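Worksheet: the structure to be examined is printed underneath.
Every number in this text was worked out from the coordinates using simple rules, so none of it is lab data. These figures come from a predicted structure and were not determined experimentally. We place every Cβ from the backbone using ideal geometry, glycine too, and count neighbours over all the protein chains shown.
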Amino acid sequence: MTVDDTTSDGDTDPHPSTPATPEPPKPPPASPVFHEVDHTAEPSDDPLAIRLEQLILGAERRYTAFQAARTAGVSMDLASRFWRAMGFPDIGQAKALTEADVLALRRLAGLVEAGLLSEPMAVQVARSTGQTTARLAEWQIDSFLEGLTEPPEPGMTRTEVTYPLVELLLPELEEFLVYVWRRQLAAATGRVVQAADDDEMVDRRLAVGFADLVGFTRLTRRLEEEELGELVEAFETTCADLVAAHGGRLIKTLGDEVLYCADDAGTAAEIALRLIETLSHDQTMPALRVGIAFGTVTTRMGDVFGTTVNLASRLTSIAPKDTVLVDGALAEELSRTGDAPVSEAEAAAEAEKAAKEGTESPTYRFGLQPMWQRPVRGLGIVEPWMLARRAKPASD
């Protein structure tokens, strides 16, 4: 699920002017420069904003875009691509860049020059890092710092509180960010090295699940903005905790919907049922429905793509409330691994045989009930299976 983020570079001056006396032509720049943009995209000149920026970046503004690129030994074209990929607007000729920006350009370009990354891959690294950290920074400001910077005494402004608070928090948050990133990098690297072959590193067989709140659109018309925000945060937090606790990976949250994946069908099924069971006991939450599909998935920049993902989404849209629908491939995988019987008739026959022979009957975690075949837009005829729990797990 991606969004086309292409932009037009053909900006022109809406108010051209002609000087009374022709000026001598200026020599062309040695390299392409950042396109001029609206001043709203220029760095802020607010004194506090500049002080906070210097505190956070650890350096003062020194360079224009051209000067930073030249100092880093990088072409303006590549510097511009890196800058935009990280999610920042073009800055024209403003002196807005620091030694840290020069160092970052030099490091990325050095990885390309050393042959460790191709140029397109380096741009992807910039884009994926920028997108991830942008969301984190926005969340921290909106939900964290905003609450903590309420003026503690009458007469104090939030401005007077923000700077010392950021000064105290910055080193701790930075250390924690690096710690979590290293932990996540270690986990992701472990999954890659355990892949069966090189192709499996990118195109892997995974179980993909969507969990969707029922009637969320109607709910948005009834709740106040603050109540809606609290509900969404509680939903996302609950889902994230359950997915992580039971061995899945949360791919992303979309307000009323979460997307997760797991390496095996049993883990994905367990997570889905836990989500239904947990949220059904919360009176403040709408009903939930989950769809899971199993198959080849393409992973890019922390996201997942492909027919398996689309099928999981479609199954979610047709699932009754408080139920889990799975595709035939996931049902087959659960049967293959012994997590679910091939059919209830076979399970009954096995139990009867075990009773006659005085042996222990096979136990299954899940039960599967075939549903009516139905056409699904873009995917043809699909036969979903309803997933249910057969027996309580031995331990929680």
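General observations
- 10 Å-binned pair-distance histogram of segment 289-392 (Cα, whole percent): 15, 40, 28, 13, 5, 0
- Fully extended contour minus Cα-Cα distance, from R377 to T359, at 0.36 nm per residue: 1.7 nm
- The three principal axes of the C-alpha atoms in segment 211-364 carry coordinate ranges of 63, 37, 27 Å, sorted with the longest axis first.
- Sequence ranges 284-294, 250-260, ranked by mean other-Cβ count within 10 angstrom, highest first: 284-294, 250-260
- Amide H to amide H, with H built 1.01 Å from N, A287 comes under 5 Å of V214, counting only residues 5 or more places away or on other chains.
- For V297, the residues whose modelled amide H falls within less than 5 Å of its own, excluding neighbours fewer than 5 places apart on the same chain, are R204, R205, L206.
- For segment 220-271, the normalised intensity computed at q = 0.18 Å⁻¹ comes to -0.59 (log10 of I(q)/I(0), Debye sum over alpha carbons, equal scatterers, no solvent).
- Nitroxide proxy distance, nm - points 7 Å out along Cα→Cβ at E226 and L48: 2.2 nm
- The stretch between V214 and A287, if pulled fully straight at 0.36 nm per residue, gains 25.7 nm over its current Cα-Cα span.
- Distance in nm between pseudo-label sites at L169 and A59 (7 Å out along the Cβ direction from Cα): 2.5 nm
- With the simple spin-label model, which puts each label point 7 Å out from Cα in the Cβ direction, the R336 to L116 separation comes to 3.9 nm.
- Net charge of the neighbourhood of A114, taken over other residues with C-beta under 15 Å away and scored Lys/Arg +1, Asp/Glu -1, is 0.
- Each 10 Å bin from 0 upward holds the following percent of the Cα-Cα pairs of segment 162-292: 11, 32, 28, 22, 7, 0.
- Long-range HN-HN contacts of G92 with modeled amide H, under 5 Å: V37
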